[in-house]
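Notes follow the structure.
The values are calculated or read from the model by the stated rules, or taken from the named source; none is laboratory data. Because the structure is predicted, anything quoted here is derived from the model rather than measured. With ideal geometry, Cβ positions are generated from the backbone for all residues, glycine too; neighbour counts draw on all protein chains shown. We work out accessible area using only protein heavy atoms, side chains counted, and drop any ligands, DNA or RNA first. Shrake-Rupley method; radii C 1.70, N 1.55, O 1.52, S 1.80 Å.
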Amino acid sequence: MPLPTMRAVRLHEHGGPDVLRYDEVPVPEPGPGEVLVRVHAAGINPPDWYLRGGLTRMPGETESTVSLPLIPGTDVSGVVEAVAADVDSLAVGDEVFGLLRFPGFDGSAYAEYVAAPAPDLARKPAGLDHVHAAGAPMAGLTAWQFLIEAGHDHPSPFQEARHRPTALDAETTVLINGAAGGVGHFALQLAKWKGARVIAVASGAHESFLRELGADRFIDYTKSRPEELVRDADLVLDTVGGPDSKRFLRTLRRGGAQFAVLPGDFDEGETAKLGVTVSSAQVRSNGAQLAELGRLLDAGTVSVAIDSTFPLADARAAHERAARGHIQGKIVLTVT
Ligand SMILES: NC(=O)c1ccc[n+]([C@@H]2O[C@H](COP(=O)([O-])OP(=O)(O)OC[C@H]3O[C@@H](n4cnc5c(N)ncnc54)[C@H](OP(=O)(O)O)[C@@H]3O)[C@@H](O)[C@H]2O)c1
């Protein structure tokens, strides 16, 4: 009997957005510990376009884990269609969302169906539609694991020490660089949930968006240099990274910390002299943490901003949108 098929976006080669092909492929079979999810929406994230562009090794890995063709994507929201015999935590018909198999390039989320490890999934909050739920997993878990709880003991590929969130409360000031993006807008809201004062750094078009999310102060990096305006912050969370990110160290009080979501170049002598620390980590799939974030999403304490949506068949346009930058929230693929 022929295998049932589905539509999925696949990479047959690395390159620009035009290498994303809308193919017909077999529906995957859930393996042990997995469920089959009928995908309603798939969120897109930077690793999707890094992979498309040619990155085939996750940080910390010595060899490529990629063999083409493959279905990219890690973030899904959908409905459980079938359950492996050994899974009792989920049932057919459950609405779920999750970050699948990360770190890894085998999430396979840009598809009508995906086989998903049950521990990577959480029940979708009832008050959230699939598009918003699909925008939450990777960016929301990154903000959660940096700021609230690491949630695992895997070594960071970026440093020897384990990453540890610092305490956030009404006495704490947090500067978030790249505040309007996927990770940044969740980080802002989680810091506000903990009671912290938040300074949001982004380009000017995002000011009202970030103030509505709760930013106490907004700095337009195209007009002023945040490192010249801010002193005595307790924490900097930098989602932009690169060689310039060390300029934020001088905004910290002694004893403060900079969390490098995208690792930058830091000099141990300089951090020691300033009396500050730098820490970085890699987000990992975690359905239990996503369930905790889901409760905040359901309550409206945290919201998911949608930059734009594109049909699955038009994943190429979604990647072209991502390449133009200045993303406000999340780009999501819709699957009908
Ligand atoms: N360590 C991990 O496990 C982990 C997990 C997730 C993501 N990441 C990395 O974190 C980075 C951010 O991810 P994301 O999903 O949040 O990306 P995103 O949604 O593309 O957001 C990036 C944001 O940065 C802003 N930005 C760009 N240049 C800036 C600058 N010079 N100063 C301040 N803001 C600037 C952009 O808007 P404006 O320029 O208009 O303000 C945009 O809103 C990516 O590099 C990603 O690879 C790491």
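Listed values, structure above:
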read-out	value
Peptide ranges 75-84, 237-246, 155-164 listed from the most packed, as the mean C-beta count within 10 angstrom indicates	75-84, 237-246, 155-164
Contour minus Cα-Cα distance for Leu55 and Glu149 (0.36 nm per residue)	31.0 nm
Peptide ranges 39-49, 311-321 listed from the most packed, as the mean C-beta count within 10 angstrom indicates	39-49, 311-321
Cα gyration tensor, the range 153-199 - rounded (a/c under 1.5), prolate or oblate	oblate
Nearest-10 value in Å² for the accessible area of Ser208, using the 1.4 Å probe	80
Sequence-distant residues sharing a close amide H with Gly241 (under 5 Å, placed H)	Leu262
Enclosed volume per residue, in Å³, of the convex hull spanned by Cα atoms of the range 179-273	92
The range 1-143, accessible surface, carbon-and-sulfur percent (1.4 angstrom probe)	52
Kirkwood Rh and Cα Rg combined as Rg over Rh, evaluated for the chain	0.97
Virtual spin-label span in nm between Arg254 and Ser67, 7 Å along Cα→Cβ	5.7
Contour minus Cα-Cα distance for Glu207 and Arg7 (0.36 nm per residue)	68.1 nm
Mean accessible surface per residue for the chain, computed with a 1.4 Å probe while every protein chain stays in place, in Å²	43
Crossing angle, helix 137-147 versus the chain [Cα axis fit, 0-90 degrees, rounded to tens]	30
Karplus (6.51, -1.76, 1.60) ³J(HN,Hα), θ = phi - 60°, over the range 296-306, in Hz, Gly and Pro reported as x	5, 5, 5, 7, x, 5, 10, 10, 9, 8, 9
